[in-house]
Each structure stands twice: as C-alpha cells, then as structure tokens.
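The values are calculated or read from the model by the stated rules, or taken from the named source; none is laboratory data. Keep in mind that what you see is a predicted model, and the values were worked out from it rather than measured. Every residue, glycine as well, gets a Cβ built from its backbone with ideal geometry; the counts of neighbours run over all protein chains shown.
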Amino acid sequence: MSLKEFVKEKITHNIGLKIIALGLAVITWIYVSGELINR
Amino acid sequence: MTFFIWDIIKPTLEIIILWIVYYRILVFFEGTRAFQVLKGITYLLIVFLVSQILGFDTLNWLLTKFFAISIIALMIIFQQELRQGLARLGQQHLFSFGLEESEIVAIIEEVTMSVYKLSRQKIGCLIAIEREIKLQTYIESGVGLDAKITAELIQSIFTPTTPLHDGGIITRGDRIAAASCLFPLSDNPNFSKIIGTRHRAALGITEQTDAVVVMVSEETGEISVASDGRFIPIVNRERLVNILKSLLVIQPNKKAAKPTESAKQ
C-alpha cells in the first residue's frame, strides 16, 4: 500500500461519522464560545 | 504577532480535540443499541440549539430542565458502556482502516475451507463476519480470542467436545475477535418451526446488523450464508466464495448477492 493510498484510506474510512463528529465539534465550540462571551 | 497566531491555533486545536472526542464516542457506540439512544439525544440537542438561536423561551426552558434531569438517566442507561469505554480509553487507535482485497480473499479462503471440513463431519458452526456495524456487544458476550483467522482454528473451536464450541465466533478484520458468542435470535414468524436455534441466531444477528454469517447445520451438514435477515443458498464451494467476495470485497455497503426467498416460507 503506497503512502497516498494509506492516507486516502485513513481519511475516507468511516467518513460519515467523521463528518458528523466534526459538525458536532464546530457547533459545540461556537455555542460554548458564545456562552462564554455572554458572561 | 505571537498572540495573533495563538488566537488562530487555539480554537483550531479546541475544535480538533472536540472532533476526536465526538468521533471516538460515535465509533464506540456505533452498531450498539445505545447508538439509537445517542441519535435521539443528538436530535434533542439540535432542537435545543435551534430554540436558543431563535429565542424560543418555553422550549428552551423545558429542554434545559430535561437535560439537567437526563444526565443521571443517561448515566444509568449507559452504565455498562461508560465502564467499558473508560476501561478501554487509550487502548484503541483513533482511525482504524480496512483490509486490502487480497487479505479479505485470504480470510474467505480460510472460512470456506473450515466450513467445508466441518460440513463433511456434520459439525455445526456459526461464523459472523463483522462489516461496517461493530459487533462489540456480541463480542463481549463470548470469550475474547483476538487470534488470526485460520481454518484449523475455526475447526478446533467448533469441535463438539471443546469448551468454546457453543455459540458463534465473530471475526473482525483478519482476526477472530471472540468465540462462544451469543447472538440475538430472530423472531421472524416466517421461519417458525422450520429452522433451529443456530439458523435463528444467524438470522437474528443479520437482521440487527450488517454482519455476514456463514453457518453449518449440525443435522444436515448444509452450509448457508445469512445476510440482511435472509439466507443465501449455497450449492457449491465456488458459489460460497463468490457470495462472500461479493458481500465483503465488492461494495461492502451494498448487498451485491441477492438473497433468495427460498428459506422464507
């Protein structure tokens, strides 16, 4: 397995869950930052 | 300037850490019943965030109270998962990746060889091959092995006088994750009285997950493959290999081999 294929495999494996997790992470960060600024 | 760079790096790092945490939680719960609960909570969280943005005070108040109470409820619901998760923390790789086609073909060969030998001796066997949905719950019901898949090992496990022959084995990647695992029994009324417990277990796990099950009937020595809650008839060795290849190598997310209705009576 070449390095390119290895990286591709690593990125594309379980891509759905990775995207959902990233979305949740961004939402959480924005929400919590907003709350902290309000205080 | 240093502060400016740090102001960019800091939130990026925070988001990456949150991403990893969320991803690990999702992977951990994927394929378990708890995943459905987690999905429900995620929907509620989205409703909560939307109500915050739009300023729906009543909904906001209700959900805030609900989340405050539900923390205890969640800890009770996920008691087992939390315990296992904490115990396993740091033991897993962050992003696991699949096997190459040649490795999958080698596994298929080993499985095929073993089931044909067991079939000749009329020894019952039940082999669940994990695909996208994790079978962790079922793995934990058995005896952990983490051994390389070989025809000899599979035969040894299912030899009737051995301690692990009851139940099924679960393979994950190129390893036998566990033996003597308990599978959920199918309660499909179409199969009542016709099939035995082993067949029912093979169907049960394929109804609830995307696993592929290869089994040998103890009574007849007949080999069957179960997928998507249905049996695929096996007429010869070549067909078994082709079906397993189509289910495991080509388009692992789709059911390439069309299960027939033959067993559905």
Original post:
Hey, among the residues in chain A that are more than 9 Å from chain B (Cβ to nearest Cβ) and not in a helix (DSSP H, G or I), which one's nearest to the chain's Cα centre (by Cα)?
Top reply: A:S2
**OP:** Taking the residues in region B:95-126 that are in a loop (DSSP other than H, G, I, E, B) and more than 14 Å from every other protein chain (Cβ to nearest Cβ) as candidates, determine which candidate is surrounded by the most Cβ atoms within 10 Å (Cβ to Cβ).
**Re:** B:G124
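Within region B:150-169, does at least one residue satisfy the condition of being among the acidic types (D, E) and either crowded, with 22+ Cβ neighbours inside 10 Å or in contact (Cβ under 8 Å) with a residue 60 or more places away in the chain (or both)?
Within region B:150-169, the subset among the acidic types (D, E) is B:152, B:166.
Narrowing the set further to residues that are either crowded, with 22+ Cβ neighbours inside 10 Å or in contact (Cβ under 8 Å) with a residue 60 or more places away in the chain (or both) leaves none.
Checked against the condition, which is being among the acidic types (D, E) and either crowded, with 22+ Cβ neighbours inside 10 Å or in contact (Cβ under 8 Å) with a residue 60 or more places away in the chain (or both), region B:150-169 yields no hits at all.
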Original post:
What residue, of B:I129, B:I176, is under 22 Å from B:A34 (Cα atoms), surrounded by 18 or more Cβ atoms within 10 Å (Cβ to Cβ), in contact with a strand residue (DSSP E or B) (Cβ under 6 Å, 6 or more places away or on another chain) and at pLDDT 90 or above?
Top reply: B:I129
Original post:
Just a yes or no: is a residue in region B:186-200 surrounded by fewer than 17 Cβ atoms within 10 Å (Cβ to Cβ), touching a helix residue (DSSP H, G or I) at 6+ places or on another chain (Cβ under 9 Å) and free of Cβ contacts under 8 Å to residues at least 40 places away in the same chain?
Top reply: yes
Original post:
Going through region B:99-126 one residue at a time, which ones are farther than 15 Å from B:I176 by Cα and modelled with pLDDT under 90?
Top reply: B:E100, B:E101, B:S102, B:V105
**OP:** Considering each of B:T64, B:T58, B:T42 in turn, give the residue that is among the hydroxyl-bearing types (S, T, Y) and within 24 Å of B:L135 (Cα to Cα).
**Re:** B:T42
**OP:** Have a look at B:G90, B:G85 and point out the one that is in contact with a helix residue (DSSP H, G or I) (Cβ under 6 Å, 6 or more places away or on another chain), modelled with pLDDT under 75 and farther than 19 Å from A:G16 by Cα.
**Re:** B:G85
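State yes or no: is B:T209 touching a residue at least 12 places away in the same chain (Cβ under 8 Å), touching a strand residue (DSSP E or B) at 6+ places or on another chain (Cβ under 8 Å) and surrounded by 17 or more Cβ atoms within 10 Å (Cβ to Cβ)? Walk me through it before giving the result.
Values: touching a residue at least 12 places away in the same chain (Cβ under 8 Å): yes; touching a strand residue (DSSP E or B) at 6+ places or on another chain (Cβ under 8 Å): no; surrounded by 17 or more Cβ atoms within 10 Å (Cβ to Cβ): yes.
So B:T209 fails the test.
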